[in-house]
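Okay, so here's the structure we're looking at.
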Amino acid sequence: MQDGDRKAFDEILAEIFAAIDKPLGESQRSVFWKGLHDLGLVEFARIRDLMVLDFRQREEPPRKFTIADIWAAKRKLRAAAPAPESEVPRWTGDEWDMVANRQLLGHIARSIARDPQCYGKGPTVRGLKNTTTPNADASPGFVRAVNTLVAFKNQWAQLMRDSADAENCVPGTEQRQCWDHCMRMAADAIALKRAA
């Protein structure tokens, strides 16, 4: 992480400590910052999501919580962040790609209904009708955000392929948890790109 990531790091760390109902002092923040400096911010956000999910399944919070617990959670992460563009899973046209596309369409529609500018300036009707307009006149930030969402959507589809049983089925709760996790990672990645 970069020094400019410190505020976001502190917020994520505070969320982890709130999940286990433990106080978080300034000296602890400083020690965790030094001990986790080699992590990426998106990766740290993914670790938070995994840990909060794990804490929800426990009857009692852990008695102690250390930097080593975060590194152990990192090793448990199931889904890697999308690879560089050239290595991102592509459309295969199978059932998982179709489900992923429908889910992403719904996700974007709900997000834009809540905040029309959440991804930046989207395309206009005129831009959509004019096939010669690059990216249908959407702002570069909007295009980057949608490309990031598509990369995580493709990652989700690949995870479903990898997790499916012999009948190509994955339990609905696992699908939803993995989707929510991928979209949370996408939101963190979009925020990081905006801040850069």
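The values are calculated or read from the model by the stated rules, or taken from the named source; none is laboratory data. Note that the structure is a prediction, hence the values are computed from the model and not measured. Cβ sites come from the backbone with ideal geometry, for glycine too, and all protein chains shown count toward neighbours.
Cβ-Cβ contacts under 6 Å between residues 6 or more apart (or on different chains), taken from a first residue in region 39-52 that is touching a residue at least 24 places away in the same chain (Cβ under 8 Å) to a second residue that is surrounded by fewer than 21 Cβ atoms within 10 Å (Cβ to Cβ) and of a type in the set (Asp, Glu), are listed as LEU41/ASP5; ARG48/GLU15. The number of residues in region 38-96 being assigned by TED's automatic domain parsing to the domain that holds GLN158, closer than 20 Å to THR148 by Cα and modelled with pLDDT of 80 or more comes to 2. For ASN168, the requirement of being surrounded by fewer than 13 Cβ atoms within 10 Å (Cβ to Cβ), under 29 Å from ASP54 (Cβ atoms) and touching a residue at least 24 places away in the same chain (Cβ under 8 Å) is met. Residue under question is ARG161, and the condition is that it be farther than 23 Å from LYS76 by Cα and part of a helix (DSSP H, G or I); does it hold? In short, no. Which of the residues belonging to region 116-132 are exposed (fewer than 15 other Cβ atoms within 10 Å of the Cβ) and either in a helix (DSSP H, G or I) or not assigned by TED's automatic domain parsing to the domain that holds ARG184 (or both)? The answer is VAL125, ARG126, LEU128, LYS129.
Within region 1-31, the set of residues being under 25 Å from ARG194 (Cα atoms), among the hydrophobic types (A, V, I, L, M, F, W, C) and surrounded by 15 or more Cβ atoms within 10 Å (Cβ to Cβ) comprises MET1, ALA8, PHE9, ILE12, LEU13, ILE16. Residues being under 19 Å from the mean Cα position of the chain (by Cα), in a helix (DSSP H, G or I) and more than 22 Å from LYS76 (Cβ to Cβ) are represented in region 133-142 by at least one member.
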